[in-house]
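The values are calculated or read from the model by the stated rules, or taken from the named source; none is laboratory data. What you see is a predicted model, and the numbers here were worked out from it, not measured in a lab. Glycine gets a Cβ as well: all are built from the backbone with ideal geometry, and neighbour counts include every protein chain shown.
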Amino acid sequence: MTHQSPAEAMDSDDRGDEVLRRFRYQITYTALKALGLLRAETDMAAIYCEQIEDLLVEKKNGSFVAIQVKTRELDQAPIKSSDETVTGALAHFCRRDRMFSDRLEAFVLATNLVFFEGTGSEDIRVVLKCAREDPGMAGLGQRHSVRRYVRDFADGLGYPVGDVMATLAKVSIEERKIGIDQLDLELPFAFGEFPQFANVPLDRLMALARLLKADVLDASSLSMDRDILARHEVSSDFGALLGSLRIAGKRVGPERVQSTLASIPVVGEMEELLTIADFLERDSIPPGLTRMVMKMAAGTISPGEIDQMKDNVASLDATFLRWKERFGLAEANRRLAHFEHFALRDARGAETATRKPDSPYGPEMLTAFREKAEATWAAERAQLFGCRKEHLEGAGGLLTEECKVWWSERRTVGRGGGDDHSA
């Protein structure tokens, strides 16, 4: 008798958890394919989960690609073409090709690990290359390992060698070279390829990834949600209706992906950005900052602090250029105006708190401005596109250059260095 809790014991008899772990990899792989439906340049129209094969990709030209996903631990040997993992998948492909040869454009054998590399038939690449380039095997000797492999494989299926080679010519491999569980981390980061998710915090991306995987899991089963049922009328042929509903549930198109991801609002997407009066639209940020330097110097701010403000403006400039390249000039200016709103508000508050009519107050104002900028960053972080408080400070420096922020009572600066001209 043991006093160990059954909740703490490792179960070596019923390894359903291991089966589900490997199926979970397939679900995550499928979710990555589903996310790819949102790419503007994609040739995919939809995917079907656990339909004909592990995954069926419908292309915009009406053809299909069948994919099988195989998993193997990192400490196991690379997959050989003689492994049942491969021969079973290829047999599936040959049968499907007989049934749908006019619609199945290609087959993919995907794995988290790698396939064996060599010069003979144990390397699946060698077999597939022969099928594409020498389907009659005219360049192979009678005892060549590839010839024996294909002949034995065809005999096992009961198919002509020519038919088998025609199918193998359509097959390609995909090696992801990662552990079974590593794909879970790859999916959230894949969202970063899309502008609408580029500045979403990682915890929110993890939630979106879980949501997408859950939908793919539903699509991979025979479940039918209420939405699918509501879109179909009752039929006298209940069996046919049930079959069509189940297949409809397996289909994942771009609209379904968008709808699934929209059920968790992206941080800040429902909020309008702020702006300031007389916002100066621009296509670049000025490099010189001459007015900013003179104004801060007039407020007795040290050269080192002025240089720091230059660096902050430069950081904002780099970010602005990235926004411009990724989202366009109009959106970049909207975001810049949003930053300037907060910076102008904080600069005004800092000046009000430190202003001294009869003595310099620039250093105290700068300290107060930084404190307020840090508080703003903490409070508005979700709406600041992944930027730092230094970017907000840089907006204050830019506003100084635009004569909207001052650091002393002197409200004029000379274009030649004097103080006889208004900025």
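Being in the same structural domain as S81 (by TED's automatic domain parsing), more than 30 Å from F327 (Cβ to Cβ) and modelled with pLDDT of 85 or more is not true of A190. Summed over segment 291-310, residues that are touching a residue at least 60 places away in the same chain (Cβ under 8 Å) and of a type outside the set (G, A, S) total 10.
The rows are residues; the columns are (1) free of Cβ contacts under 8 Å to residues at least 24 places away in the same chain; (2) over 16 Å from M292 (Cβ atoms); (3) in contact with a strand residue (DSSP E or B) (Cβ under 9 Å, 6 or more places away or on another chain).
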position: A337; (1), (2), (3): no, yes, no
position: E371; (1), (2), (3): yes, yes, no
position: E380; (1), (2), (3): no, yes, no
position: L392; (1), (2), (3): no, no, no
position: L398; (1), (2), (3): no, no, no
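Is it fair to say A207 is without any contact (Cβ under 8 Å) to a residue 12 or more places away in the chain, of a type in the set (G, A, S) and farther than 15 Å from L90 by Cβ? Criteria not met by A207. The helices (runs of 4 or more DSSP H) falling completely within segment 95-176 that include 3 or more residues that are within 28 Å of K60 (Cα to Cα) and under 37 Å from the mean Cα position of the chain (by Cα) map to 124-133, 161-168.
When W407 is tested against (1) over 36 Å from the mean Cα position of the chain (by Cα); (2) surrounded by 15 or more Cβ atoms within 10 Å (Cβ to Cβ); (3) assigned to a helix (DSSP H, G or I), only condition (3) is not met. For K177, the conditions (1) in contact with a Lys or Arg (Cβ under 7 Å, 6 or more places away or on another chain); (2) surrounded by fewer than 14 Cβ atoms within 10 Å (Cβ to Cβ) are fulfilled apart from (1). Scanning segment 315-338 turns up no residue that is more than 27 Å from G192 (Cα to Cα) and among the β-branched types (V, I, T). One residue alone among E393, E351 is acidic (D, E) and out of contact with any Lys or Arg (no Cβ under 9 Å at 6 or more places or on another chain), and that residue is E351. Only one of the listed residues (L242, L229, L222, L273) is at pLDDT below 85 and in contact with a Lys or Arg (Cβ under 7 Å, 6 or more places away or on another chain). That residue is L222. Among residues of segment 185-200 that are in contact (Cβ under 8 Å) with a residue 40 or more places away in the chain and farther than 16 Å from L212 by Cα, those with a Cβ under 7 angstrom from a residue that is of a type in the set (G, A, S) and in a loop (DSSP other than H, G, I, E, B), sequence gap 6+ or separate chain, pair up as N199/G386.
Looking across segment 177-219, the residues that are in a helix (DSSP H, G or I) and basic (K, R) come down to R204, R210, K213.
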